[in-house]
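One structure is given below, encoded as structure tokens.
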Amino acid sequence: MTAFHPGQLVMVDIQGKSLDAATAAFLRDNQVRAVCLFRKNLGTEAEVRQLTRDLRAVMGPTALIGLDQEGGSVVRATFLPQAPSAMALGAADDEALAEQVGAGVARGLASIGVNWNFAPVLDINNNPANPVIAERSFSEDADDVTRLAGAWMRGSLKEGVACCVKHFPGHGDTHVDSHLALPTVDKSRAELDALELRPFKALRDEAPAVMTAHIVYPQIDPEHPATLSTKILRDILRNEWGYDGVVITDALMMKAIFERYGYARAAVMAIQAGADMILAQGDLEEQGKSIQALNDAFASGELTAEQGRIACARLDKLALAYPVRHDDYQGAPREADDVLMRKAWAAGLTALRGATPPALNAALRVFVQPEVPTDGVSEAGPLGQQIVELFAEFPNAQIQYVDDILNLDWAQVPQDGRLNIVASTHRMRYGANAQTWRPDLHLVLWNPFQAHDVPAPTVVTWGYADGALAGLKAWLEGRASATATSPVNLD
């Protein structure tokens with residue numbers, strides 16, 4: 001095997017929408033070959049294409065340029081055709097459609113120079129209180145997750161964009177967001193085998209990369225989260241299952257890791273545990289500390305040269321199989337993908353508890369929060385004006401803005417014959433306050449588990465992209481049906 005540099009095992013983020021001289025020098029000097037892009041890096045489409053061209057020029061032919069383009073609320077390149085969330089595809093329950101969507105997402109990413117997508121999610125969302133996965137999961141059923149996520153991934157891979165299944169060994173049954181704290185899933189190996197691990201095991205031969213979860217599974221390894229656990233990454237994923245694809249950590253700057261271990265120590269522990277690449281965000285100094293920590297560990301023998309060469313070879317193989325490209329994506333191909341995404345969103349529209357559209361001449365009162373800012377994981381929720389536009393064909397609709405929908409006081413809602421509609425643009429569950437709400441219609445535009453909180457006729461869109469809202473508007477106006485079946489229990 002050839003020699004390697006520890007910087008080749010580190011994925012960093014950058015600060016701007018263009019590649020400045022200092023960052024370019026840092027990447028070049030440390031032989032960094034992987035950059036993760038976030039919303040902060042994405043200007044116009046032309047600017048993104050130039051940025052990825054510049055990154056490819058600096059990082060070379062084994063460059064890996066990644067981002068999160070799952071669909072739904074977790075997308076970074078918002079100017080591309082807006083793909084449905086995983087759970088919208090779960091509701092549509094159409095493998096061919098899921099594969100087409102995965103392919104469409106990949107075509108868009110290939111056009112802007114992204115060759116590694118941190119998707120699809122294999123987490124099984126069987127916990128309605130999960131604060132971070134929800135509609136990012138395809139289903140609460142392991143076989144459905146495997147079937148639909150596998151189809152989505154095959155679509156992407158056929159179009160030449162690498163996937164990265166996540167979050168191994170499963171983030172679906174957590175009450176805590178690992179961006180903010182360290183979650184625990186206290187299940188036995190047998191329980192994990194029966195649910196969380198099943199999609200990962202079933203798709204391990206197809207998935208070119210796996211992302212780890214910052215979660216402690218105390219019955220497997222009480223000491224370390226999966227990202228840093230030899231018992232989970234090396235013993236189960238590598239040795240027992242024989243997985244030889246790339247293993248990358250979730251971001252080490254997330255509080256679940258950073259506050260307990262810091263960048264430097266966590267970087268070394270992750271490679272020791274069986275990861276090939278660490279995701280080290282932060283400024284150049286912080287990223288440099290991660291690289292230096294790896295360098296020191298290889299020099300001291302704490303990490304072996306063989307570990308480094310094997311990891312580097314896996315990453316080389318991934319990058320060469322899925323090279324950075326800048327395909328033409330204008331005109332008919334792009335327009336066709338936009339139609340596809342809208343069709344897929346509409347196919348997932350789901351009516352619960354006998355929900356029916358109001359008459360166009362009905363007197364309506366619609367409660368909505370005017371804006372929902374981004375939480376750093378998801379994009380910002382839809383603006384109140386977008387909800388106003390849903391009711392453009394209803395001449396007697398009043399829009400009632402509520403600064404925070406979670407604080408809506410139903411005792412103050414007039415009972416004057418108007419149909420009261422709650423349109424939820426919020427990601428959070430409502431809480432106990434909503435148990436007193438009695439809307440005539442509940443429109444759930446983000447977190448589907450809000451349907452649990454309000455005992456009312458409900459329509460679930462699984463997201464708020466243009467296609468989701470267009471499908472809902474058509475239903476409200478009586479031009480479309482909402483016959484999909486929820487892939488999670490919302491009773």
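The values are calculated or read from the model by the stated rules, or taken from the named source; none is laboratory data. What you see is a predicted model; the values in this text were computed from it and never measured. In this analysis, Cβ positions are derived from the backbone assuming ideal geometry, glycine residues included, and neighbour counts consider all displayed protein chains.
From 397, 468, 432, which residue is farther than 19 Å from residue 136 by Cα and in contact with a helix residue (DSSP H, G or I) (Cβ under 9 Å, 6 or more places away or on another chain)?
After applying the criteria, what remains is 397.
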Quiz prompt | Subset of the range 196-216 [surrounded by fewer than 21 Cβ atoms within 10 Å (Cβ to Cβ) and in contact with a Lys or Arg (Cβ under 8 Å, 6 or more places away or on another chain)] | solution = 206
Quiz item: Which of the following residues is within 18 Å of residue 193 (Cα to Cα) and among the hydrophobic types (A, V, I, L, M, F, W, C): 257, 248, 232?
Solution: 232
Quiz item: Just wondering, is there one or more residues in the range 79-86 that are in a helix (DSSP H, G or I) and either modelled with pLDDT of 95 or more or closer than 30 Å to residue 304 by Cβ (or both)?
Solution: yes
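Name the residue, out of 39, 28, that is surrounded by fewer than 16 Cβ atoms within 10 Å (Cβ to Cβ) and within 19 Å of the chain's Cα centre (by Cα).
After applying the criteria, what remains is 39.
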Exercise. Count, please, the residues in the range 2-61 that happen to be at pLDDT below 95, in contact with a Lys or Arg (Cβ under 6 Å, 6 or more places away or on another chain) and of a type outside the set (Phe, Trp, Tyr).
Key: 1
Quiz item: Which residues, counting only those in the range 450-491, are more than 18 Å from residue 86 (Cβ to Cβ), in a loop (DSSP other than H, G, I, E, B), among the aliphatic types (A, V, I, L, M) and out of contact with any strand residue (DSSP E or B) (no Cβ under 6 Å at 6 or more places or on another chain)?
Solution: 480
Practice problem: Find the residue count for the range 440-449, including only residues that are under 15 Å from residue 87 (Cβ atoms) and assigned to a loop (DSSP other than H, G, I, E, B). | Solution: 3
Quiz item: Across the range 121-157, which residue is modelled with the lowest pLDDT among those that are over 21 Å from residue 345 (Cα atoms) and in contact with a helix residue (DSSP H, G or I) (Cβ under 6 Å, 6 or more places away or on another chain)?
Solution: 128
Quiz item: Can you tell me which of 143, 186 is more than 27 Å from residue 428 (Cβ to Cβ) and surrounded by fewer than 24 Cβ atoms within 10 Å (Cβ to Cβ)?
Solution: 143
Quiz item: Can you name every residue in the range 15-47 that is aliphatic (A, V, I, L, M) and over 22 Å from residue 318 (Cα atoms)?
Solution: 19, 21, 22, 24, 25, 42, 46
